[in-house]
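Everything on this sheet refers to the single structure shown next.
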Amino acid sequence: MPKFFETIARLPDVYRPVEERLRDQQEVERKFMLPLLAQQASRCMECGIPFCHGAGCPLENNVPETNAAFRDGDYAAAWKLLSEKSPMPEFCSRVCPALCEGSCTVSLNLEPVMIRQIEKAVSDYAFEHHWVKPDAPEKRTGKTVAVVGAGPAGLAAALGLNRLGHTVTVFEKRPQAGGLLRYGIPKFKLAKELIDRRVALMEASGIDFEYGAAVGDDLSLNYLAKRYDAVVVASGTPSPRDLPLPGRDLSGIYFALDFLNGGASAENKQVLIIGGGDTGSDCVGISARQRAAAITQIEIMPKPPVERSPSTPWPQWPYKLRTSSSHYEAGDDGHNVRRWNLQSQKFLGENGKVTGVEVAAVEWELSPTGRPLKFAPVPNSTTVIPADLVLLAMGFLKPEHKFERENIFAAGDAANGPSLVVRAIADGKKIAGRVDKFLAK
Ligand SMILES: Cc1cc2nc3c(=O)[nH]c(=O)nc-3n(C[C@H](O)[C@H](O)[C@H](O)COP(=O)(O)OP(=O)(O)OC[C@H]3O[C@@H](n4cnc5c(N)ncnc54)[C@H](O)[C@@H]3O)c2cc1C
């Protein structure tokens, strides 16, 4: 059996040219020709014990089998294998950091198989060929379930429960479905028509959506729990972490999500993003598209190593430096835009408007394997980063839920704290199974 992973290299670049994608606002990734990706699929070792499936993907996708079917041009089989496990692969294959690739066996010595790109090709092919149909159950059970929140966890729970024959209504406080898929993740990572397409399929399969319905405000959770046989709370993590430093009340300081949803413009601004994660990176991408004058992203943590840190040995998700498409768009090859080991001290301003942030350097104590343990300020290291737009991207608070009725379940970020789309979907799917068992009692 030829070892294609040794002779075929992983494709180096998955993105369209920077200037093109900054201009057109479309999804940043290129669409690959199927034969080129089939070659990539042939890099899969088809491991007897696939870690991508077991240790990597929270949905336990049938990765090696899907890769093999795709490589052989059997797209129908590839779609069947993929959709058996992943209820909305069109989302995961665009926004997932690809936990599967972090535990791909090939990645022990070489670049991992392009599992996410292959998944995207399979899923796009299935939609283009109208294989994805409304999934209405043959028989209804007569049981009713209310789902609170139409983010990925709520959508996955609704899909699973509806398929099992229960009658599902999704209550969503926003005017449209998607949760952070729509109101967080920018369209250059995920085109919003894909959410509309999925919701249309769900409606056609018998799931009802009520928009503008804020549970706790417009109607109570208790009411839902009495009116429905079960309730799934999938309302995410609505509260962003604040930075209550002196000067916080100056104008020009926004939470990242408000900025990402059009609450401020970065055009010609000196943008400072506080927080080095995904949300911060999305702010970099939007700022670049709005032609900011300067973009800086700061992080209190140390700069991760370029290669997998020994603190996260294979098959764990590697702790290492990740440079996103947005960073490249802002001219960052890993060094220009981002700065590490910086703690914000105070916001500075003039005439009520922010003009910069005073920061101090910190030094980290690392574990023997390189995991950051604790930090201490570096004396006399204070500097000022000028900024007239400051974006707070320091994550979200885990909500506290105390349910008094046994027919209320929580799923996704609402249950587990801020995480990933794939984990929210996996949790929504799992909760559908738990609710089904509860309803069968
Ligand atoms: C800017 C940003 C970028 C991200 N990028 C990525 C990424 O690239 N890849 C990735 O995997 N993850 C990413 N994430 C994380 C990911 O989006 C979340 O983990 C995921 O969306 C959580 O899904 P969820 O369904 O649990 O919650 P959410 O997506 O937050 O959905 C919750 C839904 O509940 C609704 N809701 C809330 N309260 C109520 C109420 N009282 N009544 C009715 N409805 C209510 C909300 O309006 C929302 O629609 C990102 C997060 C952010 C903020």
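Selection over the range 147-173 of residues that are in contact with a strand residue (DSSP E or B) (Cβ under 7 Å, 6 or more places away or on another chain) and near the ligand (Cβ under 10 Å from one of its atoms) gives a count of 9. Looking across the range 1-60 at every residue that is assigned to a loop (DSSP other than H, G, I, E, B) and β-branched (Val, Ile, Thr), the one that is modelled with the highest pLDDT is identified as 28.
Contact map, the range 177-191: first residue more than 24 Å from residue 147 (Cα to Cα), second residue near the ligand (Cβ under 7 Å from one of its atoms) and of a type outside the set (D, E, K, R), Cβ cut-off under 6 Å, separation 6 or more or different chains; pairs are 189/95. Does residue 258 count as in the same structural domain as residue 340 (by TED's automatic domain parsing), surrounded by fewer than 22 Cβ atoms within 10 Å (Cβ to Cβ), modelled with pLDDT under 95 and within 23 Å of the chain's Cα centre (by Cα)? For residue 258, the condition - in the same structural domain as residue 340 (by TED's automatic domain parsing), surrounded by fewer than 22 Cβ atoms within 10 Å (Cβ to Cβ), modelled with pLDDT under 95 and within 23 Å of the chain's Cα centre (by Cα) - is not met. Set side by side, the residues 116, 163, 140 differ, and just one is touching a Cys at 6+ places or on another chain (Cβ under 8 Å) and not hydroxyl-bearing (Ser, Thr, Tyr), which is 116.
For the condition of a type in the set (A, V, I, L, M), within 16 Å of the ligand (Cβ to nearest atom) and part of a loop (DSSP other than H, G, I, E, B), residue 266 qualifies. Considering only residues that are farther than 24 Å from residue 182 by Cβ and not in a loop (DSSP other than H, G, I, E, B), which ones fall in the range 136-155? Once the filter is applied, which keeps residues that are farther than 24 Å from residue 182 by Cβ and not in a loop (DSSP other than H, G, I, E, B), the range 136-155 yields only 144. Can you say whether residue 312 is outside the structural domain of residue 19 (by TED's automatic domain parsing), within 27 Å of residue 382 (Cα to Cα) and of a type in the set (S, T, N, Q), as far as the supplied structure shows? It is false that residue 312 is outside the structural domain of residue 19 (by TED's automatic domain parsing), within 27 Å of residue 382 (Cα to Cα) and of a type in the set (S, T, N, Q).
Screening residue 221 against (1) closer than 25 Å to residue 358 by Cβ; (2) of a type in the set (A, V, I, L, M, F, W, C); (3) surrounded by fewer than 21 Cβ atoms within 10 Å (Cβ to Cβ) leaves a single unmet condition, (1). Filtered by the rule that a residue be in a loop (DSSP other than H, G, I, E, B) and more than 30 Å from residue 371 (Cβ to Cβ), the range 269-312 gives 269, 290, 291, 292, 293. In the range 358-367 there is no residue matching the filter, namely being at pLDDT below 95 and among the polar types (S, T, N, Q). Assess whether residue 183 counts as being surrounded by fewer than 18 Cβ atoms within 10 Å (Cβ to Cβ), closer than 21 Å to residue 29 by Cα, among the hydroxyl-bearing types (Ser, Thr, Tyr) and within 11 Å of the ligand (Cβ to nearest atom). Here the answer is yes, as residue 183 does meet what is asked.
The residue that is nearest to the ligand (Cβ to nearest atom), counting only those in the range 224-251 that are over 26 Å from the mean Cα position of the chain (by Cα), buried (at least 17 other Cβ atoms within 10 Å of the Cβ) and not aliphatic (A, V, I, L, M), is 228.
Screening the range 427-440 for residues that are surrounded by 24 or more Cβ atoms within 10 Å (Cβ to Cβ) and small (Gly, Ala, Ser) and picking the one that is farthest from the ligand (Cβ to nearest atom) gives 432. Of the residues in the range 188-196, not one is within 18 Å of residue 428 (Cα to Cα) and either near the ligand (Cβ under 10 Å from one of its atoms) or not hydrophobic (A, V, I, L, M, F, W, C) (or both).
Exactly one residue out of 411, 393, 424 is surrounded by 24 or more Cβ atoms within 10 Å (Cβ to Cβ), more than 30 Å from residue 340 (Cα to Cα) and either within 11 Å of the ligand (Cβ to nearest atom) or modelled with pLDDT of 95 or more (or both): that is 411. Looking only at residues of the range 326-342 that are at pLDDT 95 or above and surrounded by fewer than 19 Cβ atoms within 10 Å (Cβ to Cβ), we find that the one that is farthest from residue 304 (Cα to Cα) is 339. Among the residues making up the range 134-158, those that are buried (at least 24 other Cβ atoms within 10 Å of the Cβ) and touching an Asp or Glu at 6+ places or on another chain (Cβ under 7 Å) are 145, 149, 150, 153. Being in contact with an Asp or Glu (Cβ under 6 Å, 6 or more places away or on another chain) and among the charged types (D, E, K, R) holds for only one residue in 374, 402, and it is 374.
The values are calculated or read from the model by the stated rules, or taken from the named source; none is laboratory data. Since this is a predicted model, take the numbers as computed values, not measurements. With ideal geometry, Cβ positions are generated from the backbone for all residues, glycine too; neighbour counts draw on all protein chains shown.
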